[in-house]
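So the structure is just underneath, and the comments pick up after that.
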Amino acid sequence: MPKIIGGSLAAHREQVRARVFEALRNQLYERGFDAITLSGVAAEAKLGRTAMYNHFPDKEHLLIAFVEDEATRYVARLTEAVAAATDPIGKLEAFVRLQLRALADYHLPPGNALASTLAPSAYRKVAAHADPITEKLREIVTAGVRQGCLPGEDPDLLVPMISAALASREVVDVPPEQLDKAIEGAVRFVLRAVGANPSRDRI
């Protein structure tokens, strides 16, 4: 019987998953999803192949579990960052900054490439985790329009346009020392695009 780490089966499972997800994250950065194998991830996570298959029967299931874990953590961070701002423009700034920071750190292929990599059912599961993020943006834009902080454009038009602007990896594909400047430039661009004033004083 494999050695239990963490003092209980539940803790053991969480620690194993954390090790596997860290190994997957490293390999996504180094080589991309297509080149990844379960046995390679298991080896880096110091996990036997049989134990790996007990947790994840194939690499699609591994990716879905990884995205679910990452998305849960990210939505919590996003909610906290947005809640800390005092008005819709500040919330939009916080949203844009965190989305671009996540884009810089996130190593899955972009949407179309991922759709061609995964089976349709697996891709739908992965893509579904974008829904809470889009809904958060919709809440911010709707509140901004309602409070007069943004021009009275239809949120159904603004939300996909902002999302498209934040999906371009070219924005953050810069040397690390230039990333902060690139992100702040993108924040100013988005605020200008929606008719907000990024330099106005806030309470």
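Listed by chain and number, the lysines whose C-alpha is less than 26 Å from the C-alpha of residue 136, apart from same-chain residues fewer than 8 away, are 91, 125, 181.
Excluding ligands, DNA and RNA, the accessible surface per residue across the stretch 1-57 is 62 Å² with a 1.4 Å probe.
In angstrom, the C-alpha Rg and Dmax of the stretch 1-57 are 11.6, 35. The slack between residue 15 and residue 61, meaning 0.36 nm per residue of separation minus the straight C-alpha distance, is 14.8 nm.
Computed from the C-beta positions of residue 139 and residue 102 and an R0 of 22 Å, the FRET efficiency is 0.75 to the nearest 0.05.
When 157, 179 are compared by accessible area at a 1.4 angstrom probe, the order from most to least is 157, 179.
The gain in end-to-end length when the residue 193 to residue 25 segment is fully stretched comes to 57.1 nm, 0.36 nm per residue minus the alpha carbon separation.
The values are calculated or read from the model by the stated rules, or taken from the named source; none is laboratory data. This structure is a prediction, so every number in the text was calculated from the model and none was measured. For neighbour counting, all protein chains shown are included, and Cβ atoms are generated from backbone atoms with ideal geometry for every residue, glycine included. Only protein heavy atoms, including side chains, enter the accessible area calculation; ligands, DNA and RNA are left aside. Shrake-Rupley method; radii C 1.70, N 1.55, O 1.52, S 1.80 Å.
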